[in-house]
Amino acid sequence: MRATVMYGAGDVRIENVPDARLIDPTDALVTVTHACICGSDLWPYNQMEHTETGQRMGHEFICVVDAVGADVRTVKAGDLVVAPFAWSDGTCVFCQEGLHTSCLHGGWWARDGIDGGQGEAVRVPQADGTLVVLPVGKDDALMPSLLTLSDVMGTGHHAALAARVGPGKTVTVVGDGAVGLCGVIAAKRLGAEQIIILGRHPDRIALAKEFGATDVVSERGGDAVERVRELTNGFGAHSVLECVGYEQSTVTALSIARPGGAVGRVGLPQQESIPTTLTSFFDNVTIGGGPAPARAYIEQLLPDVLEGTIEPGRVFDRVVSLDEVPDGYRAMNEREAIKVMVHL
Ligand SMILES: [Zn+2]
């Protein structure tokens, strides 16, 4: 089978790899129909040291089940399913608490011998706990929005929950990538009154407004902090969604939280420590977040996608074939595309 392999920064190849196959009785073997390139895939695309063996890629995909192991009960051959960006058993203490990313028997795609989503087929461990059956056909018009449930929509939702978004709240979203845009959708869905987005790309800002952003701040750093304060009676925002992960964006996020507010961090931190701890300490700002338990949110968000209440699939502005995946990385890295879908 063919799959995406990254050998180092800027070096993405489509190659023949060993065929995915059933190994454990809890596995499913699936054929990928839709995948995508994640903003987090751009970190290794920019920084990865060259390796001889390469690294499989992809953790967001929709697929058709080809076969299941003897112990699999909830999915069967022929089902169209969505996979969240981490696999999990669905039964351990953390899964029962809704924190599937900390599953005691789970793990991540595209590492430790597990296939990646940017390829033709995948062995899915813990298939019962991981996969969710979709009640549509694989050519349904909702496919882009359903695909976002594997990561970006769940991640935006997680940021909003960690930032304690609710009715009447003032929300600021730091970052205008796909996750930030989904954060706007999540904030509106949870009843936020004012949604300020920090960003400067015209196409992304336009989409943010359609998703429910009420104000745009295109300044950066201290100027952005000042502008958000102006927009919030000088207080700052109740809820701040940090959807980037850089030190500067984290400083900005913490600096625009209102006293007693909360910051939900979902951008993969590019620094070891949380900056500006004194300000957040004296302002009683709650700092939360982490990798989203996307599996837990699929069932919460799926009805809204099926009803068309939310349309997170609009973050996809380019579709490529598997062969074109290397160019998809380039396009996302150069900010030519917000998010790239891979249609297999
Ligand atoms: Zn678990």
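Give me the pairs, please: first residue somewhere in region 298-322 and within 20 Å of residue 133 (Cα to Cα), second residue anywhere and polar (S, T, N, Q) and surrounded by 18 or more Cβ atoms within 10 Å (Cβ to Cβ), beta-carbon distance under 7 Å, and either six or more positions apart or on two chains.
305/145; 311/145; 312/145; 312/148; 313/145; 313/148
Taking residue 145 as meeting all but one of (1) polar (S, T, N, Q); (2) farther than 26 Å from residue 285 by Cα; (3) open to solvent by 20 Å² or more (accessible area, probe 1.4 Å), write down the number of the exception.
If we test residue 145 against (1) polar (S, T, N, Q); (2) farther than 26 Å from residue 285 by Cα; (3) open to solvent by 20 Å² or more (accessible area, probe 1.4 Å), just (3) comes out false.
Hey, any hits in region 201-217 for a residue that's more than 28 Å from residue 297 (Cα to Cα), modelled with pLDDT of 95 or more and crowded, with 17+ Cβ neighbours inside 10 Å?
Pass one, region 201-217, residues more than 28 Å from residue 297 (Cα to Cα): 201-202, 217.
Remaining after also requiring modelled with pLDDT of 95 or more: 217.
Retained after the next criterion (residues that are crowded, with 17+ Cβ neighbours inside 10 Å): 217.
Yes: region 201-217 contains one or more residues that are more than 28 Å from residue 297 (Cα to Cα), modelled with pLDDT of 95 or more and crowded, with 17+ Cβ neighbours inside 10 Å.
When residues of region 50-64 are filtered for being assigned to a loop (DSSP other than H, G, I, E, B) and crowded, with 16+ Cβ neighbours inside 10 Å, how many remain? Give the steps one after another, and end with the answer.
Keep residues of region 50-64 that are assigned to a loop (DSSP other than H, G, I, E, B), which gives 50-54, 57-60.
If we keep only those that are crowded, with 16+ Cβ neighbours inside 10 Å as well, we get 54, 57-60.
Total satisfying the criteria: 5.
Among 110, 67, which is the only one that is out of contact with any helix residue (DSSP H, G or I) (no Cβ under 9 Å at 6 or more places or on another chain), part of a strand (DSSP E or B) and of a type outside the set (Val, Ile, Thr)?
Details: 110 fails: part of a strand (DSSP E or B).
The unique qualifying residue is 67.
What do you reckon, is residue 160 within 16 Å of the ligand (Cβ to nearest atom) and under 28 Å from residue 253 (Cα atoms)?
No.
Could you go through region 87-96 and let me know if any residue there is in contact with a Phe, Trp or Tyr (Cβ under 8 Å, 6 or more places away or on another chain) and of a type outside the set (Ser, Thr, Tyr).
Yes; the residues of region 87-96 include at least one that is in contact with a Phe, Trp or Tyr (Cβ under 8 Å, 6 or more places away or on another chain) and of a type outside the set (Ser, Thr, Tyr).
Could you list, in sequence order, the residues of region 33-49 that are in contact with a helix residue (DSSP H, G or I) (Cβ under 6 Å, 6 or more places away or on another chain) and not in a strand (DSSP E or B)?
Within region 33-49, 37, 42, 45 qualify.
Can you tell me which residues in region 1-39 are small (Gly, Ala, Ser) and more than 15 Å from residue 56 (Cβ to Cβ)? So that I can check it myself, show each step before the final result.
Quick first cut of region 1-39, residues small (Gly, Ala, Ser) only: 3, 8-10, 20, 28, 35, 39.
Answer for region 1-39, where residues must be small (Gly, Ala, Ser) and more than 15 Å from residue 56 (Cβ to Cβ): 9, 10, 28, 39.
Is it the case that some residue within region 75-84 is small (Gly, Ala, Ser), within 16 Å of the ligand (Cβ to nearest atom), part of a loop (DSSP other than H, G, I, E, B) and within 20 Å of residue 301 (Cβ to Cβ)? Outline the logic, then answer.
As a first pass, look at region 75-84 and keep what is small (Gly, Ala, Ser): 77-78, 83.
When the remaining residues are screened for being within 16 Å of the ligand (Cβ to nearest atom), the result is 83.
Still in the running and part of a loop (DSSP other than H, G, I, E, B): none.
No, that holds for no residue.
Just for region 225-253: of the residues that are buried (at least 24 other Cβ atoms within 10 Å of the Cβ) and hydrophobic (A, V, I, L, M, F, W, C), which one is nearest to residue 180 (Cα to Cα)?
My answer is 243.
If you scan region 106-133, which residues turn out to be aliphatic (A, V, I, L, M) and under 26 Å from residue 323 (Cβ atoms)? Let's see the steps before the verdict.
Let us first name the residues in region 106-133 that are aliphatic (A, V, I, L, M), namely 110, 114, 121-122, 124, 127, 131-133.
Answer for region 106-133, where residues must be aliphatic (A, V, I, L, M) and under 26 Å from residue 323 (Cβ atoms): 110, 114, 121, 122, 124.
Against the definition (of a type in the set (S, T, N, Q), out of contact with any Ser or Thr (no Cβ under 8 Å at 6 or more places or on another chain) and open to solvent by less than 60 Å² (accessible area, probe 1.4 Å)), how does residue 321 come out, yes or no?
Considered against the rule, which asks whether it is of a type in the set (S, T, N, Q), out of contact with any Ser or Thr (no Cβ under 8 Å at 6 or more places or on another chain) and open to solvent by less than 60 Å² (accessible area, probe 1.4 Å), residue 321 comes out as yes.
Which one is farthest from the ligand (Cβ to nearest atom), of the residues in region 96-148 that are hydrophobic (A, V, I, L, M, F, W, C) and free of Cβ contacts under 8 Å to residues at least 60 places away in the same chain? Break it down into steps so the answer makes sense when it comes.
Filtering region 96-148 for residues hydrophobic (A, V, I, L, M, F, W, C) gives 99, 103-104, 108-110, 114, 121-122, 124, 127, 131-134, 136, 141-143, 146-147.
Still in the list and also free of Cβ contacts under 8 Å to residues at least 60 places away in the same chain: 103-104, 108-110, 114, 133, 141.
Values: 103: 3, 104: 5, 108: 14, 109: 16, 110: 19, 114: 16, 133: 19, 141: 33 Å.
So, considering only residues that are hydrophobic (A, V, I, L, M, F, W, C) and free of Cβ contacts under 8 Å to residues at least 60 places away in the same chain, the one farthest from the ligand (Cβ to nearest atom) is 141.
Out of the residues in region 254-286 that are of a type in the set (A, V, I, L, M, F, W, C), surrounded by 15 or more Cβ atoms within 10 Å (Cβ to Cβ) and over 22 Å from the mean Cα position of the chain (by Cα), state the one that is nearest to residue 222 (Cα to Cα). Let's see the steps before the verdict.
Of all residues in region 254-286, those of a type in the set (A, V, I, L, M, F, W, C) come to 254, 256-257, 262-263, 266, 268, 274, 278, 281-282, 285.
Pick out the ones that are also surrounded by 15 or more Cβ atoms within 10 Å (Cβ to Cβ) and you get 254, 256-257, 262-263, 266, 274, 285.
Still in the running and over 22 Å from the mean Cα position of the chain (by Cα): 256-257, 285.
Numbers: 256: 10, 257: 13, 285: 19 Å.
Filtering first and then ranking leaves 256.
Which residues, taken from region 111-127, are over 19 Å from residue 77 (Cα atoms), surrounded by fewer than 22 Cβ atoms within 10 Å (Cβ to Cβ) and either of a type in the set (A, V, I, L, M) or in contact with a His (Cβ under 8 Å, 6 or more places away or on another chain) (or both)?
114
The values are calculated or read from the model by the stated rules, or taken from the named source; none is laboratory data. Predicted, not measured: the structure shown is a model, and the values here were computed from it. Every residue, glycine among them, receives a Cβ derived from its backbone with ideal geometry; neighbour counts consider all protein chains shown. Heavy atoms of the whole protein, side chains included, go into the accessibility calculation; ligands, DNA and RNA do not. Shrake-Rupley method; radii C 1.70, N 1.55, O 1.52, S 1.80 Å.
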